[in-house]
Amino acid sequence: MKIDILTLFPETFSYLNESIIGRAQKSGALEINVHDIRNYSTDKHKKCDDYPFGGGAGMVMMPQPVYDAINAIDPRHESIRIFTSPKGKTLSQGLVCELAKSKNLLILCGHYEGIDERIIELCIDLEVSIGDYVLTGGELPAMVITDAVSRYVSGVINENSLQEESFSSNLLEYPQYTRPQDFKGVKVPDVLLSGNHAEIEKWRKQKSLEITKKNRPDLLK
Ligand SMILES: C[S@@+](CC[C@H](N)C(=O)[O-])C[C@H]1O[C@@H](n2cnc3c(N)ncnc32)[C@H](O)[C@@H]1O
């Protein structure tokens, strides 16, 4: 999968060069390109924001640099073009799986008070929110979308990891333990050391249900 990210702050994306996503880029399973919108500004000072018409606080991202960037990067509109926005559709595991079916994604990061609405009208397929709160910019949401979608791209993680994890069946995941068997007097549950796979399975199902009931009863409805 190829993911193009358009931002005014490209240096914030070094996170994607680390760990699993970094390795997936090196192996060729993923191609992530971070583009600096400022490079597309025709203004002699590379200005990319201006005051909002009608007044109000803050600055708005101007349409020209963003429009030119999108059309240079995805000239034939082969990508699903996403704008990160608190006004968008809330990201869920279902939406992540849908997006993972696409070969190309383009993610546009807003900043300041947001972006000139004509960019959304002219260029964007989908607005995506990562939750009901407001961040200073779309860079963290773009990383969240990229990370969540990448996990479903073949060759990025062991596909067995996707089978039983939280949200895969409307249940949150059971507790996980590793060595040592006794940590500060708290022991790993005996059943996990028993080697009895049927009992382990039963215990995990029970714990999943308990955790979901406690933290996210809405998932059980
Ligand atoms: C300060 S916010 C703008 C908020 C906007 N004035 C509003 O009230 O909807 C700046 C940018 O951060 C990004 N952003 C902030 N919160 C977000 C969220 N919950 N999900 C996705 N993107 C978000 C968007 O790209 C947004 O354009």
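The values are calculated or read from the model by the stated rules, or taken from the named source; none is laboratory data. From a predicted model like this one, the values you see are computed outputs, not experimental measurements. Because the Cβ atoms are built from the backbone with ideal geometry, glycine has one as well, and the counts that use them run over all protein chains shown.
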So in region 99-132, with the set limited to residues that are crowded, with 16+ Cβ neighbours inside 10 Å and of a type in the set (Asp, Glu), which one is nearest to the ligand (Cβ to nearest atom)? Glu127
Residue identified as more than 28 Å from Val66 (Cβ to Cβ) and in the same structural domain as Gly56 (by TED's automatic domain parsing) among Gly114, Gly137, Gly155, Gly110: Gly155
Taking only region 133-186 into account, find how many residues are under 20 Å from Ala24 (Cβ atoms), hydrophobic (A, V, I, L, M, F, W, C) and within 16 Å of the ligand (Cβ to nearest atom). 7
Would you confirm, using the coordinates I've provided, whether Tyr177 is more than 30 Å from Pro65 (Cα to Cα), at pLDDT 95 or above, assigned by TED's automatic domain parsing to the domain that holds Val34 and surrounded by 13 or more Cβ atoms within 10 Å (Cβ to Cβ)? no
Test Lys26 against the stated conditions and say whether it is assigned by TED's automatic domain parsing to the domain that holds Gly155 and in contact with a helix residue (DSSP H, G or I) (Cβ under 6 Å, 6 or more places away or on another chain). no
Meets criteria (in contact with a Ser or Thr (Cβ under 8 Å, 6 or more places away or on another chain) and more than 26 Å from Glu31 (Cβ to Cβ)) for Gly114: yes
How many residues are exposed (fewer than 13 other Cβ atoms within 10 Å of the Cβ) and touching a helix residue (DSSP H, G or I) at 6+ places or on another chain (Cβ under 9 Å) when one looks only at region 40-68? 2
